[in-house]
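Below: the structure, in structure tokens.
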Amino acid sequence: MSRALVRAFRRQHLLLCTMVASATVGCSNVPPIVVTQPPLTPIQASGTFRAGAAEVDITPPPGLPIWGSSSEASPKAIGYRGRLFVRAIALEDAYGKRLVLVQADLGAMSGLLHRQVASELANLGIGPDNLFMAATHTHAAPAGYFGSRFYNTWAAARPGFDEEVLKWLRERAIKAVTSAIERLGPAAVGATAVRVEDISRNRSRVAWEQNFSPHVAPAGRDDVDRNLYLLRVDRVAPSGKTPIAFFGVFAVHGTAAGLKNPNTRNLYHGDIQGAAAESLRRQLIKAFGARDVVVAFVNGAEGDVSPNWNGFPIGDHQGPDEVDRIGNVLAAQAFNGFASIDTGSDIRLEVGYEEVPIVGPNKPAELCDPMVGVPSMVGAEDARSFLYGILCEEQIRKGSGGCQGPKKEALGFIQNLILKSDDFTRVAPIQFFGIGDVLHLAALPGEPTTETGEAIRKAVRTIAPEGLIAVVAHSNEYVGYVATKPEYEVQNYEGGSTLYGPDESGFFVAKSRALARSAASGLTSSSPPSQSFFPGPAAHFWGSASSCRPELWASLWEVISGDDYVFRWTGLKAGERCSALPTITVFCNGTPLLDSLGLPEDDRTGRMRVYRSDSSIWEVHWKPERMPIEKACEFRVWRDSLPPLKSQPFQPTSELVLPPNTHKGL
């Protein structure tokens, strides 16, 4: 057995022991968290369509476990590659109806977070029904903020619910929405869809083909949704229109970086969607002069869709280069589509929303009690865990029948000892909204496969004959995968991870159609006045926190050249937290270095990796966009109102050049 396998086995063993202990003792469980929604403040109709947008940095300090790949992910992030953001786009029609679209660079959305944010925004006319919150599904964002014990325990290398992580995200999401609403002004919107070829592929094609008879797809049928659905939001002024926001839906897993690349494994990052958002933001600023434009990418029906990284299936080429390549392709197509959109202001908003109990005596009859299948443990077809090869095919796929049909129970009888139905997500918020006849969005709290998404679009089309229809995954909560019934029968990874049984897809299709009908009829959506969450055992990933002391930070001056240009400084210590991490920029000849689009070279892009290499020593690794740069350059670390920390001057050439007579200083 290899050392890597031994380490992986030990991590799984430790995780299992932790689960058994917490399940049997339970003394450290967080008490149930009840979120009550205050009455909404009525919004006075302005008589015109209005919109506003804002973004807030949510990049956390190091120390949090990475969400999304269970025990094989990094147990403790040490820094970031590109910042993480929460972005909000507020829309208000002429009749006073509001809708807020929120996108977060997170692995999955938490129903607890969604509900808490809504409860704090009631005075702005926002409740759970007209607050849409979607995660991009990057596999390099923090864990520990979910409202269910299952996802706080299983989804990361260190289990537990950390109230401080939830608070960090909640405060910043509220700030983003509040700022977007404060910026409401006359606006116009438009939408289109463009095809994006060659960056996504169906990773579970054998299961996908089961949707057709005789298990062969019709000629010309795409095995993934290649459409990028675009919403453009313009500010309307007497002088003309200026873009203020972009909202895009594209179906692809945020896994281009992979788990093994040393340049990303231990870092927070936004993966494809984060790279695309920053690339498109810079293009829009250059093209339209819209310096405050907000760019938000969310995920579509990506349950069986992987990035088409170079080398697949022969070699493993996942890593930061593939993140940037695929992200740039997506951004380029988005820019072309965005530039072609005509916008208008004759828009009426429609909203449909329902919170459905999916566990317990009140759950729908078509849903089973939740169960994890063995395929969940062995991983997706293109990303196997160490257990694949240890378990034979019969052990993976031969179930015992009953409500869950062919699904074989992971861990056998042990699952019933360490997991109860109430440990899973208990309520599924399902949402539909229409932005006039421009764009209709069906929002699901999970990962629908390509064909589940197609079935939802067809069902909604019977209600909404005009405009685009997009299915959005990872919205408002997380319930796992949503495979179609034929896909479920195969029990690949997606079917084994469809927790509530073979009819789950049909349930979401029917609910999406019903909500589209109620929204079109103008029926008022409502949600229960309160909702309870059971996050499980407590954790304190950051340890005892103390306020940061940026006045004590100091430059270590020297710049080192290797594969990157490297600068170090003493900064935020382990256990300290600032309201935001410092911004890193490059100045040359006393002015900001500009990239090829004319924007400052800074740590928003993937060209910089920033991390803490010791208890208080920080490093930035910078790979210039182009060289040589025949100027005297320096790194600057910005500390709010304090003077920035500075490196020694250097010239970014093929070899490091230090200008003469450089001296140490801050």
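The values are calculated or read from the model by the stated rules, or taken from the named source; none is laboratory data. On a predicted model such as this, the values are computed, not experimentally measured, just so you know. Neighbour counts run over all protein chains shown; Cβ positions are idealised from the backbone, glycine included. Quick note on the areas: whole protein, heavy atoms, side chains included, nothing else; ligands and nucleic acids left out. Shrake-Rupley method; radii C 1.70, N 1.55, O 1.52, S 1.80 Å.
Numbers at a glance
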| quantity | calculated |
| --- | --- |
| Solution diffusion estimate, µm²/s, Stokes-Einstein, region 321-422, Kirkwood Rh from C-alpha pairs, 37 °C, viscosity 0.692 mPa s | 176 µm²/s |
| Rounded to whole Hz, the Karplus (6.51, -1.76, 1.60) HN-Hα couplings of region 483-490, x for glycine and proline | 8, 5, 4, x, 5, 4, 4, 6 |
| Fraction of beta bridges assigned by DSSP in region 407-509 that are antiparallel (%, nearest 5) | 40 percent |
| Estimated 222 nm signal from helices in the chain, with DSSP H stretches of n ≥ 4 weighted -39500 (n - 2.57), rounded to 500 | -7000 deg cm²/dmol |
| Prolate/oblate/rounded call for region 207-354, Cα gyration tensor, a/c under 1.5 rounded | oblate |
| Full-extension gain in nm, residue 461 to residue 414, via 0.36 nm per residue minus C-alpha separation | 12.5 nm |
| Rounded D (µm²/s) - region 439-500, Kirkwood Rh over Cα pairs, Stokes-Einstein at 25 °C, 0.890 mPa s | 202 µm²/s |
| Under 15 Å, Cβ to Cβ, from residue 91 - net charge with Lys/Arg +1 and Asp/Glu -1 | 0 |
| Coarse-grained scattering of region 218-257 at q = 0.14, 0.18 Å⁻¹, given as base-10 log I(q)/I(0) from a Debye sum over alpha-carbon atoms | -0.55, -0.70 |
| Zero-based 5 Å bins, Cα pair distances in region 207-280, whole percents | 3, 11, 14, 14, 12, 13, 12, 10, 6, 3, 1, 0 |
| Total charge dipole magnitude, the chain, about the Cα centre, Cβ charges on Lys, Arg, Asp, Glu only, Debye to nearest 20 | 920 debye |
| Carbon + sulfur, % of accessible area of the chain - ligands and nucleic acids excluded, 1.4 Å | 53 percent |
| Largest-first ordering by accessible area, 1.4 Å probe, given options 109, 627 | 627, 109 |
| Per-selection Rg to Rh, region 164-243 - Cα, Kirkwood hydrodynamic radius | 1.22 |
| Listed residues 525, 641, 581: farthest to the positive end of the dipole of region 502-641 (Cβ charges) | 525 |
| Residue 551 - accessible surface, heavy atoms, 1.4 Å probe, Å² rounded to 10 | 90 Å² |
| FRET efficiency, residue 171 to residue 540 (Cβ-Cβ, R0 22 Å, nearest 0.05) | 0.75 |
| Where trypsin sites (Lys or Arg not before Pro) fall in DSSP loop in region 243-330, at most 15 other Cβ within 10 Å | 260, 291 |
| Distribution of pairwise C-alpha distances over the chain, 10 Å bins, in % | 3, 16, 27, 27, 18, 8, 2, 0 |
| Cβ charges +1 (Lys, Arg) and -1 (Asp, Glu), total dipole of region 441-531, debye | 440 debye |
| Under 29 Å from residue 631, Cα to Cα: lysines that are on another chain or at least 8 residues apart | 286, 623, 646, 664 |
| Listed residue pairs exceeding 30 Å between alpha carbons, taken from 167/408; 398/420; 76/175 | 167/408 |
| Global geometry of region 129-176, whether rounded, prolate or oblate, following the gyration tensor of its Cα atoms and the 1.5 cut on a/c | prolate |
